[in-house]
Amino acid sequence: MRLPYRLGSQKQLCGIAMLLIAGTLLSVAQTAYQPKFKGDPARSESEANALGYMRTVIRAQQQYYKKNNNKYATSLADLVHTGSFTKRMTQTDRGDYTVGFHSRKDGYELTMTPKQLDAEHRAFYANEDGVMHADETKAADENSPAVK
C-alpha cells in the first residue's frame with residue numbers, strides 16, 4: 001500500500017510526537033477548576049465532590065434527626081434512604097478522599113481526609129451544627145476555619 005504523502009525522517013516524526021504530547025499536557029495543566037455555583041468554595045473537582053458528599057450527609061442527618069425523636073444516625077448505614085443518601089454512599093473511599101464518621105452521644109462528626117494534603121485537597125470537618133470547616137495543613141476539626 002502506498003501512502004499519499006511522504007513520511008519524514010525518524011527524527012522529524014519523533015519531534016512531531018513530542019510536540020503533540022507537550023501540547024496535550026499543557027492544555028490539561030492549564031485547565032483551571034470551574035466553580036459549580038456562585039460562591040463555590042471548592043478549589044478543585046475533588047474538593048467539589050467532597051463538599052457535595054458532606055452536604056448530602058449533613059442534610060440526611062438533619063432529616064433523620066427530625067424523623068427519629070431528635071436523635072442522630074449512629075452510622076452512615078443508618079442514613080441510607082434518608083434524603084438523597086444512598087447505600088453506595090456508605091463506602092468510605094471517595095476517590096481522592098476518605099470519609100470518617102463518628103457518632104457521639106448528642107451528635108456526630110464527619111471528616112473528609114484527602115489522600116494527599118495540598119492546596120487543591122484540603123481536609124474537611126463537620127458536626128451536628130452543620131458548619132463545614134477546612135484546613136490545608138492538617139486534619140480539619142471544629143477549630144479550623146469555616147468554609148464560606
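Tabulated values for the structure
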item: Qualifying position, being crowded, with 18+ Cβ neighbours inside 10 Å and either among the hydrophobic types (A, V, I, L, M, F, W, C) or closer than 20 Å to Ala146 by Cβ (or both), among Ala32, Ala119, Ala77, Ala123; result: Ala123
item: Residues of the range 126-148 that turn out to be part of a loop (DSSP other than H, G, I, E, B) and surrounded by fewer than 19 Cβ atoms within 10 Å (Cβ to Cβ), as a count; result: 14
item: Qualifying residue in the range 50-68 (condition: modelled with pLDDT of 95 or more, surrounded by fewer than 15 Cβ atoms within 10 Å (Cβ to Cβ) and within 17 Å of the chain's Cα centre (by Cα)); result: yes
item: Verdict on Ala123 being of a type outside the set (Phe, Trp, Tyr) and touching a Phe, Trp or Tyr at 6+ places or on another chain (Cβ under 8 Å); result: no
item: Residues of the range 81-114 satisfying the condition of being of a type in the set (Asp, Glu) and in a loop (DSSP other than H, G, I, E, B); result: Asp96, Asp106
item: Val28 being at pLDDT below 90, among the aliphatic types (A, V, I, L, M), assigned to a helix (DSSP H, G or I) and within 20 Å of the chain's Cα centre (by Cα); result: yes
item: Residues within the range 30-82 that are hydrophobic (A, V, I, L, M, F, W, C), without any contact (Cβ under 8 Å) to a residue 40 or more places away in the chain and out of contact with any helix residue (DSSP H, G or I) (no Cβ under 9 Å at 6 or more places or on another chain), tallied; result: 3
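The values are calculated or read from the model by the stated rules, or taken from the named source; none is laboratory data. This structure is a prediction, so every number in the text was calculated from the model and none was measured. Cβ: placed from backbone, ideal geometry, glycine included. Neighbour counts: every protein chain shown.
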